[in-house]
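K.L.:
Below are the structure tokens for one structure; questions will follow.
The values are calculated or read from the model by the stated rules, or taken from the named source; none is laboratory data. These numbers come from a predicted model, not from an experiment. No Cβ is skipped: glycine too gets one built from the backbone with ideal geometry, and neighbour counts run over all protein chains shown.
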């Protein structure tokens, strides 16, 4: 594993120089949704030139086309992209999209198929989703460099709602038993094999340790470049046996108004000599007024590139320590509250619905608690959600060795402040605050009784 810090955006990956016969380029951007109100001019001029000039331009389309189907039963938000999306992407120079993500099936199984069909009709190829698991794991194949190089493009995602089944349309699951075999078989036949991988933990600077292990296994299977997204913020990159692995590009064309840290992202241009990536150009981007554009030369651009290279070095050299601190902090911020809610720890709900708490199995009946149970299901099934919970609980119970050093803790908290817009604490719910205030008033100043301050955490 080697990763070096670089002052700028261009990184040399190999000594080989592309010849005229086998030179080609790949442009990859992160999470993308086209909103109707911004559909007339969603990509800035210089960025659009890069996309059109590349031999192969790929984005992650993070939603089904509006009206394509009925909403899926799931936890989390339902995402849609505008009806004009296929034409908008084609006009911007997009050659292919990956639909392997946690929102591609948000408008149901039929929505996956209708979205893929509409994209292909507009001349935009699709990978990472299909009529069943086998179809979803099929790569998009394209010849570049005047037809001399055969490229295979795979899209995969972690398991959430909407992954394809044996007979059900959906997204390609990274953990499917056939996933690595399909990639390895294709890598033996194609000149260059690319993997676009959706996964990780949102709004944090480091990938889970297991995510890095999984992506490295695909490198062992013959993948020539790996590009990831889902955390909505840029993470680091490294080289695995000469193969560049970008853990998260962050957002591309994706608005999150309540998350200012997601406005800046990264795109990457890779130059290839046949099957060998010889250089990478890291392109800082920002979402402003409904348009994604390059961040101009200056301090902000330099700061983002410096942070990405720093994260890459820390990821390559000491990921476990930094991931442990991320998991422990984020567990307190998000997961402890979710688990308390799911497990019936809300005092007001306990008073209002005592039967749920006293009756055997009451908390686990879907009637009235479907949303809580869907959240729990996702925490159990999804690889990165499970990684946060497991890592934090292993640390807190002493089962796992604590690899954190004071320096790693300080660095991680500093970096989290740049990616996470909300305080990393476990805030009590409104109902819990009301209940604790009520108890406090009832207890008053009775001698011998101490009161626990509200919001102590999990």
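K.L.:
If I go through region 198-224 residue by residue, how many of them are part of a loop (DSSP other than H, G, I, E, B) and within 22 Å of residue 321 (Cβ to Cβ)?
P.N.:
The qualifying residues number 10.
K.L.:
May I pose another question? If you take the residues of region 162-197 that are part of a loop (DSSP other than H, G, I, E, B) and under 21 Å from residue 119 (Cβ atoms), which of them is farthest from the chain's Cα centre (by Cα)? Break it down into steps so the answer makes sense when it comes.
P.N.:
First pass over region 162-197, keeping only residues part of a loop (DSSP other than H, G, I, E, B): 162, 164-169, 172, 174-178, 190-191.
Filter once more, keeping what is under 21 Å from residue 119 (Cβ atoms): 162, 164, 168-169, 172.
Numbers: 162: 15, 164: 18, 168: 23, 169: 21, 172: 14 Å.
The extreme case among them is 168.
K.L.:
Quick check on this structure: which one of 92, 14, 82 is over 25 Å from the mean Cα position of the chain (by Cα) and either over 24 Å from residue 170 (Cα atoms) or at pLDDT 95 or above (or both)?
P.N.:
Working: 92 fails: over 25 Å from the mean Cα position of the chain (by Cα); 82 fails: over 25 Å from the mean Cα position of the chain (by Cα).
Answer to the selection: 14.
K.L.:
Next question. Here is a check on your reading of the model: is residue 395 outside the structural domain of residue 248 (by TED's automatic domain parsing), in contact (Cβ under 8 Å) with a residue 24 or more places away in the chain, buried (at least 18 other Cβ atoms within 10 Å of the Cβ) and farther than 17 Å from residue 206 by Cα? Working first, answer last.
P.N.:
Working: outside the structural domain of residue 248 (by TED's automatic domain parsing): yes; in contact (Cβ under 8 Å) with a residue 24 or more places away in the chain: yes; buried (at least 18 other Cβ atoms within 10 Å of the Cβ): yes; farther than 17 Å from residue 206 by Cα: yes.
Spelling it out, residue 395 is indeed outside the structural domain of residue 248 (by TED's automatic domain parsing), in contact (Cβ under 8 Å) with a residue 24 or more places away in the chain, buried (at least 18 other Cβ atoms within 10 Å of the Cβ) and farther than 17 Å from residue 206 by Cα.
K.L.:
Only one residue in 222, 242, 181 is outside the structural domain of residue 377 (by TED's automatic domain parsing) and touching a helix residue (DSSP H, G or I) at 6+ places or on another chain (Cβ under 8 Å). Which one? Give the steps one after another, and end with the answer.
P.N.:
On the way: 242 fails: touching a helix residue (DSSP H, G or I) at 6+ places or on another chain (Cβ under 8 Å); 181 fails: touching a helix residue (DSSP H, G or I) at 6+ places or on another chain (Cβ under 8 Å).
Checking each option against the conditions leaves just 222.
K.L.:
Consider region 22-54. How many of its residues are part of a loop (DSSP other than H, G, I, E, B) and farther than 19 Å from residue 194 by Cα?
P.N.:
Number of matching residues: 8.
K.L.:
Name the residue, out of 153, 195, that is buried (at least 24 other Cβ atoms within 10 Å of the Cβ), farther than 13 Å from residue 134 by Cα and without any contact (Cβ under 8 Å) to a residue 60 or more places away in the chain. Walk me through how you get there before you give the answer.
P.N.:
Numbers: 153 fails: without any contact (Cβ under 8 Å) to a residue 60 or more places away in the chain.
Matching residue, one of 153, 195: 195.
K.L.:
Let me ask something else. Enumerate the strands (runs of 3 or more DSSP E) found wholly within region 231-349, keeping only those where 1 or more residues are buried (at least 19 other Cβ atoms within 10 Å of the Cβ) and without any contact (Cβ under 8 Å) to a residue 40 or more places away in the chain. Working first, answer last.
P.N.:
Numbers: elements: 237-240, 243-246, 251-253, 264-273, 276-288, 291-294.
In region 231-349, 243-246, 276-288 are the strands (runs of 3 or more DSSP E) which contain 1 or more residues that are buried (at least 19 other Cβ atoms within 10 Å of the Cβ) and without any contact (Cβ under 8 Å) to a residue 40 or more places away in the chain.
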